[in-house]
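Asker: One structure coming up, written as structure tokens, with questions to follow.
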Amino acid sequence: MRKMLALVAGAVAIVGVLVALPSTASGNAQWHLGEQSSSLEFNAQVVPIGKNQVWAFGTRRFWEWSLGPTATRWDGERWHEQEVPGGFGTSVTAAAASSDTNVWLATHSQAGQVVSRWDGNGWTAMRRMESSAVADIAVLGEDDVWLFGEQTWHYTGSTWARADLPMDVRRVSARSPRDIWVIGWDPLLDKPTAGHFDGTGWSTSPIDHPGDHVFPDGVSADASGVWITATVSDDVAQTSTPILLRRTGTGWQQEPVEQVVGPWRETFNPIPDGRGGHWFLGSTDVNSYDSTLAHRSADGVWTQTPVHPSPGTAEFSTLAGVPGTGQLFATGSLDGTPGIYLHRLP
């Protein structure tokens, strides 16, 4: 079914019909369709800046081919398609912002990556990478931008400097310009690793766990602490188990979560709810297809609500929260309709 949807999405792009279709009444009692768009079905990038400022970046696809990035923006009343220059790549890989006039986007092409910036009037290419080196971006101001991936680069307003961070970074979360956390892999130690920037330099520490292999998925550094979602694989049993790790004074404390969230989606960080708790995108299906929204309160109480009660009807791939509002956005497909969805708060 997923390949059929990708085929239809690509066919729409090929014949020239608008990829972002008019919003309809699709959705359910929990999730409202904001904008229907086949380009947002898989691995989109949602950048909530404020209640009336949200960007969603996607990729036009035809079967297994990527045909170019897309951008749409919410202004509090409606979604607007935004032009993304065709020379900026074939697919979207990362996006972040500090304001609606300081939005950063990384796109991939066969020649490498382009990192570009929206200043409120148009896009400017800020850096070109020879390889697919950018996995995530932290935008802390117009003169304070970090690119993370196979290499780490810091932009200070006029120059780029490579940071001495001995790890491949997968995800980033920042509490302030002097308190940045990343997760990824140390190729020399061959271990999952967490990194921390304190304003003067970087330090790293392995994420130790008795399991066979630990793969960090997401990280959240917020007022309640530092949290990591990860997946532990067992080679003998051939199983994968989701875990939640919290930073303590002596290391990482594990909380078992398999019974309350199912397999993690690997494309997002835990989302703070503003009350000391977090939202998570999990699944009721072992293959992570049937999405569920899980919540952990500040007191450690878990609730889980399937996106749709019927199997095979809801597959979300990303989750994002609007700072200070409790609003959630998700991208994916619900009842066969791809696009971006707004969670209806109880």
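The values are calculated or read from the model by the stated rules, or taken from the named source; none is laboratory data. The structure displayed is predicted, hence computed values, not measured ones. Glycine also receives a Cβ, built like all others from the backbone with ideal geometry; neighbour counts cover every protein chain displayed. Heavy atoms of the whole protein, side chains included, go into the accessibility calculation; ligands, DNA and RNA do not. Shrake-Rupley method; radii C 1.70, N 1.55, O 1.52, S 1.80 Å.
Asker: How high is the FRET efficiency from T303 to R78, r the C-beta distance, R0 30 Å, rounded to 0.05?
Answerer: 0.40
Asker: Tell me the relative contact order for segment 239-342 as a rounded percent, counting alpha carbon contacts under 8 Å between residues six or more apart.
Answerer: Numbers: 224 pairs, mean separation 18.5, N = 104.
Normalised by residue count, the contact order of segment 239-342 is 18 percent.
Asker: Given the protein chains as shown and a 1.4 Å probe, how many square angstrom of W227 are accessible, to the nearest 10?
Answerer: Surface accessible to solvent at W227 totals approximately 10 Å².
Asker: By how many nm would the segment from R162 to E258 lengthen if fully extended, with 0.36 nm per residue of separation less the alpha-carbon distance?
Answerer: That pair, R162 and E258, stretches by 30.7 nm at full extension.
Asker: Now for a different question. Under a Cβ-Cβ cut-off of 10 Å, what is the net charge of the residues other than S291 that fall near it, where Lys and Arg count +1 and Asp and Glu count -1?
Answerer: It works out to a net charge of -2.
Asker: Hey, rough spin-label estimate for R175 and Q151, points 7 angstrom out along Cα→Cβ, what's it come to in nanometres?
Answerer: Taking the simple label geometry, R175 and Q151 are separated by 3.1 nm.
Asker: Right, something else. Would you mind computing, in nm to one decimal, how far apart the modelled labels at H213 and D143 are, each placed 7 Å from Cα along Cα→Cβ?
Answerer: 4.5
Asker: Quick one: if you stick a label point 7 Å off each Cα along the C-beta vector at H196 and W63, how many nm between them?
Answerer: Inter-label distance under the simple model: 5.0 nm.
Asker: Which option, (1) 28, 23, 21; (2) 39, 36, 19; (3) 28, 26, 19, is the value of semi-axes √(5λ) of the Cα gyration tensor in Å that was calculated from these coordinates?
Answerer: (3)
Asker: Another question, then. Just add up the charged neighbours of Q151: K/R +1, D/E -1, any other residue whose Cβ is under 12 Å from the Cβ of Q151.
Answerer: Net local charge, Q151 excluded: -2.
Asker: Could you work out how far the C-alpha centroid of segment 145-181 sits from that of segment 83-130, in angstrom?
Answerer: 17
Asker: Whole-Hz ³J(HN,Hα) for each residue in segment 275-292, computed from phi via Karplus 6.51 cos²θ - 1.76 cosθ + 1.60 with θ = phi - 60°, x for glycine and proline: what do you get?
Answerer: Listing the rounded values in order: 10, x, x, 9, 9, 9, 9, x, 7, 9, 10, 5, 9, 6, 8, 8, 6, 9 Hz.
Asker: Using alpha carbon centroids, what distance separates segment 319-339 and segment 276-311, in Å?
Answerer: When both Cα centres are located, 13 Å separates them.
Asker: Let me ask something additional. Just to verify a number: what accessible area does R175 come out at with the full protein assembly present, 1.4 Å probe, Å² rounded to tens?
Answerer: Here the residue's solvent-accessible area equals roughly 100 Å².
Asker: Could you order the peptides 107-118, 152-163, 190-201 from most to least packed, using the average number of other C-beta atoms within 10 Å per residue?
Answerer: Going from most to least packed, we get 107-118, 190-201, 152-163.
Asker: Can you list the residues, at least 5 places off or on another chain, whose amide H is less than 5 Å from the amide H of Q327, using H built in the peptide plane?
Answerer: Here V322 satisfy the definition.
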